[in-house]
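**Q** I have a structure here, written as structure tokens, and I will follow up with some questions on it.
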Amino acid sequence: MLFGRSKKNPIKIADKKIIEWKYATCGYCSTGCSIEVGFNDEGKPVSSRGVADADVNRGKLCLKGIFEHELFSSAGRGLIPLQRNNWHQPWEKTTWGDALDRVHDGIKAVQKKYGRDAFAVISTGQMLTEEFYTLGKLTRGLIGTNNYDGNTTLCMASAVSGYKRSFGSDGPPGCYEDFEHTNCLIAWGSNLPEQHPIIYWRFKEAQEKRHFPLIVVDPRVTMLAQNADIHLAITPGTDVVLQNALMHVIFKENLQDSDYIKVNTNGLDELMAEVEKYDPISAAKICGIDEDTIRSVARLYAGANAAMSIWTMGINQSTHGSDGVVGINNLALITGNIGKPGGTSLSITGQCNAMGTREWSSCSGLPNHRLLENEQDRKDIAEFWNIDEEFLPKKRGMFQTDIYHAIEAGHIKGLWLIATNPLSSLPNSERVRRAMQKLEFCVVQDCYADSESNQYAHVYLPAGTWAEKEGVMTNTERRINLINAITPPPGEAKPDLWIFNQVAKRFNAKEEGKGKINFPEHSADIFLEMGSISKGRLADISGMTHELLEKNRGVQWPYTEQQVSAGEAPPAGGKRLYTEAATFRYADGKAKLIPLPFIDNNEVPDEKFPIWLNTGRLIEHWHGRTKTGKIGNNNKYSPIPFIEINPDLALELGIRRGDYVRLVSRRSDAVVMATPTHRVPKNMVFLPFHFHDCANRLTLGLLDPHSRQPAYKQSAIRIERLEDQKAAAQLSMEMRNF
Ligand SMILES: Nc1nc2c(c(=O)[nH]1)N[C@H]1C(S)=C(S)[C@@H](COP(=O)(O)OP(=O)(O)OC[C@H]3O[C@@H](n4cnc5c(=O)[nH]c(N)nc54)[C@H](O)[C@@H]3O)O[C@H]1N2
Ligand SMILES: Nc1nc2c(c(=O)[nH]1)N[C@H]1C(S)=C(S)[C@@H](COP(=O)(O)OP(=O)(O)OC[C@H]3O[C@@H](n4cnc5c(=O)[nH]c(N)nc54)[C@H](O)[C@@H]3O)O[C@H]1N2
Ligand code: SF4
Ligand SMILES: [Mo]
């Protein structure tokens, strides 16, 4: 007898009359999936599909990528430049010429009155690398403010800082293929199936074949934790204590790789002296993981001949963010797990081009990981750009999180926001709102005119997004991939690159640059310029061209012109970093083992605010939802703000499924729907931060001392049941903004 599919009518897929597929790379998360957009016979983008021969995604796409073509014509896109004299006045339409003149004149006016650094520029991880490089040249070479940073301070700053402290340079040393070689994987504060679905698929494919253990460290039972062999439901903000305890066991039981340590590291004695204090019995009392589990995880990890760690925001967004990264690196170094297949410490990055901005934006320094603090680096770049070396600052300026405090204090008077929406994404948003209201001149450059931060702008510049522009992005595994401009931006919107070049023209034409600085118009030429200043550096891309990137579906850096001459096809060494002995980026080639004393310096629950507020993400949404809030197939899954709340806590507070509740922190309050679930422990709620005027009204966001990244994952709140459910529903609806 025949069952199932063969008895059913075959599924009919609507014929979308696609006549052409055009190549790009997904513009949401840092996985870096190769994607093709199908155009119908009227030239309209009607479908997206994964590229089968791309190594990253092998034909797959997730829920966001599959509907990405709908962005091009979605509601709220900015179609025309706007301006006004004051943020509480209505907008007036303007021409590009007038808007760009006003940007130039506005910046100059602020700088003349208050000094060069009183104008700040805040960039993003969501533009193309050529755009980052051009903005860096404009900001460092012509505008000349040192207060230039990106939203990556909210995201990858702790990873960057931790890599630099351990290895002497930024740059994730591993790749996705490591899943195919590892014998043990620890995932720290990363919910891979929801936030990087195709990396998760790559991991799952590998794990199903070889059955290596997955250990998940996360206070919630996330989708990844559900699939774990061991789930460590850690007390929030205490990962460093667990790391120290794991190292304590490794040294006590002599499980370390002493040969590797000797050849490749400094600082062993200091590290051993510190971790000596973290015996599993004492550590368990702080981090909430019992001593036996600590011991068995240490043995599993150190006993595997190749073991790896991945991590994301559960580590980075903490007052110990940078230390947490160093702790992961310490564990890898003492067990010889760097630079070998399946043995690595791999930061899973966030935004599509978080890596590109780290490498090329000049936000915290100068192009290609060069430092403002290094005289030779300043000299090289000044010469290359044809600017006066003395025009460059000698150390980095403020981080994004400090820029807002400086606006509040009146030190910064002007701001240019590019592809970031701080009113929705910075902690303590009411404080951010008050700061933005104080700005004398604010420019917002966003592909959506309805981005919340635009409320406080004097000039709005409508930008193209994603595949309305040509250029490259770098993914989590250092793979640079191409995006083609497959359709023009809507209305009068322009690619970000065009906008930067137009602003540069105005600075170049006037007294500042005297027309000396060259700004190439086309991204393929800019890419070659970048290649030429990358030669001989860790991130050497001199062997790459746009054509090669599309042909290979991305190439991992480094890929050099020497390799091209020698006929070595990619990846040609670009798979992993630090594969040879003592090739770390400190002067003696050795990595640093760094002791990490734990100081409990976070906001923690108390009698008045007894519940942990944990914030994060959902698979269907992207950040402040300027994009996914407009795409029906994404937004329908969770159109309103809600919390995950433990059923026992809900019962105690008299809250039923679907009730609206008020969350109150020392900062402000928010009304959300309660969804009881055992995913969270009894003393914690989880609130997705995608909804405007919600999660970040509550967060405190204390800063990590090294990276200045906010601790978004740990705040203290109380929960109030609301008597008038009808009014509460209304309030919550108003908060959903789209
Ligand atoms: N669908 C979707 N995907 C995305 C994004 C998106 O908005 N939507 N954004 C992208 C970006 S920019 C980023 S940075 C990444 C973020 O990707 P992830 O970091 O994976 O996502 P989050 O949900 O922010 O946080 C991950 C986990 O950290 C846990 N956590 C909280 N506190 C602690 C702690 O003290 N210790 C540990 N070990 N874990 C803790 C939380 O419970 C949560 O499950 O996702 C990227 N991918
Ligand atoms: N509570 C809490 N807060 C968080 C986090 C958390 O876990 N919890 N995570 C933090 C992290 S990791 C991150 S990365 C930040 C993200 O914070 P934001 O940077 O504010 O995030 P987005 O909403 O993606 O903002 C990007 C903006 O750029 C626009 N845009 C997109 N593409 C383009 C383009 O090509 N050109 C231009 N000009 N504009 C474009 C979008 O419309 C949007 O308005 O949020 C941080 N905030
Ligand atoms: S996994 Fe990330 S890169 Fe791939 S389709 Fe989904 S959002 Fe895009
Ligand atoms: Mo991020």
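The values are calculated or read from the model by the stated rules, or taken from the named source; none is laboratory data. No experiment lies behind these values; they were computed from the predicted model shown. In this analysis, Cβ positions are derived from the backbone assuming ideal geometry, glycine residues included, and neighbour counts consider all displayed protein chains. In case anyone asks, the SASA skips ligands and DNA or RNA and just uses the protein heavy atoms, side chains included. Shrake-Rupley method; radii C 1.70, N 1.55, O 1.52, S 1.80 Å.
**Q** From the phi of every residue in segment 603-614, what ³J(HN,Hα) in whole Hz does the Karplus formula 6.51 cos²θ - 1.76 cosθ + 1.60 yield, where θ is phi - 60° and glycine or proline is x?
**A** Ordered by residue, 3J(HN,Hα) equals 6, 10, x, 9, 5, 6, 10, x, 10, 6, 9, 10 Hz.
**Q** With a cut-off of 8 Å between alpha carbons and a minimum separation of six or more residues, what is the relative contact order of segment 158-347 in percent? Intermediate values should be presented prior to the final figure.
**A** Numbers: 338 pairs, mean separation 64.5, N = 190.
Reported relative contact order: 34 percent.
**Q** Among DSSP bridges having both ends in segment 407-500, what percentage is antiparallel? Round to the nearest 5.
**A** Of all bridge pairs located within segment 407-500, approximately 30 percent are antiparallel.
**Q** Straight-line reach from K93: which lysines have Cα under 18 Å away, leaving out those fewer than 8 places along the same chain?
**A** Within the straight-line cut-off, K93 pairs with K494.
**Q** Another question, if that's okay. I'd like the distance between the alpha-carbon centres of segment 434-472 and segment 327-402, rounded to an integer number of Å.
**A** Each part reduced to its Cα centre gives a spacing of 26 Å.
**Q** How large is the accessible surface of R165 in square angstrom, using a 1.4 angstrom probe and rounding to the nearest 10?
**A** 50 Å²
**Q** Now for a different question. May I ask which of K16/K60; K438/K713; K204/K630; K137/K395; K108/K510 have a Cα-Cα span longer than 22 Å here? Don't skip to the answer; put the middle values down first.
**A** Working: K16/K60 20 Å; K438/K713 28 Å; K204/K630 31 Å; K137/K395 16 Å; K108/K510 11 Å.
Distance filter (> 22 Å) returns K438/K713; K204/K630.
**Q** Now, a different point. Once Rh is set to the Kirkwood radius over Cα pairs, what Stokes-Einstein translational diffusion coefficient, in µm²/s, holds for the chain at a temperature of 37 °C and a viscosity of 0.692 mPa s?
**A** Details: Rh = 26.4 Å.
Reported coefficient: 124 µm²/s.
**Q** Rounded to the nearest 5, what % of DSSP beta bridges with both residues in the chain are antiparallel?
**A** Values: 41 of 85 bridges.
Taking every DSSP beta bridge with both residues in the chain, the antiparallel ones total about 50 percent.
**Q** Put +1 on the Cβ of every Lys and Arg and -1 on every Asp and Glu Cβ in segment 409-456; which of L423, S451, G410 then has its Cα farthest towards the positive end of the dipole?
**A** Ranked along the dipole, the leading option is G410.
**Q** So, one more: What's the carbon and sulfur percent of segment 158-347's accessible surface, probe 1.4 angstrom, rounded to a whole number?
**A** Working: 2830 of 5530 Å².
About 51 percent, which is the carbon plus sulfur part of the accessible surface.
**Q** Just from its helices, what would the mean residue ellipticity at 222 nm be for the chain, if runs of 4 or more DSSP H residues each count -39500 (n - 2.57) and the sum is divided by every residue, rounded to the nearest 500 deg cm²/dmol?
**A** Value at 222 nm, helices only, nearest 500: -8500 deg cm²/dmol.
**Q** Further question on the same structure: Towards the positive end of the charge dipole of the chain, with charges on Cβ (+1 Lys, Arg; -1 Asp, Glu), say which of A463, I611, H248 has the farthest Cα.
**A** It is A463.
**Q** Something else: With only Lys, Arg, Asp and Glu charged, each at its Cβ (+1 for the first two, -1 for the last two), find how big the charge dipole of segment 611-736 is about the Cα centre; round to the nearest 20 debye. Walk me through the intermediate numbers first.
**A** Values: 19 positive and 12 negative charges, 73 e Å.
Computed charge dipole of segment 611-736: roughly 360 debye.
**Q** If you don't mind, there's one more thing I want to ask. Can you compute the charge dipole magnitude of segment 158-347 about its Cα centre, using +1 on each Lys and Arg Cβ and -1 on each Asp and Glu Cβ, nothing else charged? Give it in debye, rounded to the nearest 20. Don't skip to the end; give the middle numbers.
**A** Working: 14 positive and 22 negative charges, 39 e Å.
In debye, rounded to 20, segment 158-347 gives about 180.
**Q** Next question. How many angstrom lie between the C-alpha centres of segment 624-673 and segment 124-144?
**A** 37 Å
**Q** Taking each pair of distinct Cα atoms in segment 158-347 once, what is the resulting Kirkwood hydrodynamic radius in Å? Don't skip to the answer; put the middle values down first.
**A** Values: mean 1/r = 0.0617 Å⁻¹.
One over the average 1/r among Cα pairs gives 16.2 Å for segment 158-347.
**Q** Greater than 19 Å separation of Cα atoms is the criterion. Which listed pairs, K340/K575; K413/K516; K262/K535; K608/K682, meet it? Before the final figure, lay out each step's value.
**A** Numbers: K340/K575 10 Å; K413/K516 28 Å; K262/K535 31 Å; K608/K682 16 Å.
Listed pairs above 19 Å: K413/K516; K262/K535.
**Q** Here's something else I'd like to know. Hey, got the dipole for the chain? About the Cα centre, +1 on K and R Cβ, -1 on D and E Cβ, debye to the nearest 20? Before the final figure, lay out the partial values.
**A** Details: 86 positive and 88 negative charges, 263 e Å.
For the chain, the charge dipole is close to 1260 debye.
**Q** Further question: At 1.4 Å probe radius, can you tell me the per residue accessible area of segment 345-500 in Å²? Walk me through the intermediate numbers first.
**A** Numbers: 4270 Å² over 156 residues.
Averaged over the residues of segment 345-500, the accessible area is 27 Å².
**Q** When you count, for each residue, the other Cβ atoms within 10 Å and take the mean per peptide, how do 47-54, 714-721 rank with the highest first?
**A** Details: 47-54: 17.9, 714-721: 21.6.
Top to bottom by mean Cβ count within 10 Å: 714-721, 47-54.
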